[in-house]
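Working notes for the structure below.
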Amino acid sequence: QVQLVESGGGLVQPGGSLKLSCAASGSIAGIGAMGWYRQAPGKQRDLVAIITSDGTQTYADSVKGRFTISRDNARNTVYLQMNSLKPEDTAVYYCNAGIKTKLYGPLSLYWGQGTQVTVSS
């Protein structure tokens with residue numbers, strides 16, 4: 001069984017910073033792309049950033065230049081450094097990852113439980 005556990009959310013003032021972490025654990029034979037999504041109240045879940053297994057990064061236009069995604073393959077962990085936060089960044093942030101539980105098996109998509117980020121003065 002595989003679990004993704006996020007941490008690092010909280011309340012921050014506009015212009016502040018937060019760093020989210022998401023650690024994968026369980027029966028893991030390999031991890032492909034890892035990503036962060038967010039969902040504000042009453043809205044759909046949207047992509048924030050993705051990082052592939054070779055480190056290629058993709059960002060939503062709304063966070064380019066402010067957020068940075070990174071990963072530590074030895075720790076099966078993905079991070080999201082969020083700077084210059086705005087009230088419109090307020091949302092529940094979810095991580096996901098393509099994970100295979102057998103060496104020659106397929107990748108399956110797993111999601112974390114989400115962590116709340118609130119940007120408010």
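The values are calculated or read from the model by the stated rules, or taken from the named source; none is laboratory data. Please read these numbers as outputs of a predicted model, since none were measured by experiment. Glycine also receives a Cβ, built like all others from the backbone with ideal geometry; neighbour counts cover every protein chain displayed. The protein model used for the area step is the full one, side chains on, heavy atoms only, and it has no ligands, DNA or RNA in it. Shrake-Rupley method; radii C 1.70, N 1.55, O 1.52, S 1.80 Å.
List of remarks:
- Region 47-62: number of residues that are out of contact with any Phe, Trp or Tyr (no Cβ under 9 Å at 6 or more places or on another chain) and within 19 Å of PRO87 (Cβ to Cβ): 2
- Failed condition for ALA40, given (1) more than 21 Å from VAL12 (Cβ to Cβ); (2) open to solvent by 20 Å² or more (accessible area, probe 1.4 Å): (1)
- Residues in region 69-115 that are in a loop (DSSP other than H, G, I, E, B), farther than 11 Å from TRP36 by Cβ and not aliphatic (A, V, I, L, M): ASN76, ASN83, SER84, LYS86, THR90, THR101, LYS102, TYR104, GLY105, PRO106, GLN113.
Quick grid of which residues meet (1) in contact with a strand residue (DSSP E or B) (Cβ under 6 Å, 6 or more places away or on another chain); (2) surrounded by fewer than 18 Cβ atoms within 10 Å (Cβ to Cβ):
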residue	(1), (2)
THR52	yes, yes
THR56	no, yes
LYS64	no, yes
GLU88	no, yes
TYR94	yes, no
TYR104	no, yes
TRP111	yes, yes
VAL119	yes, no
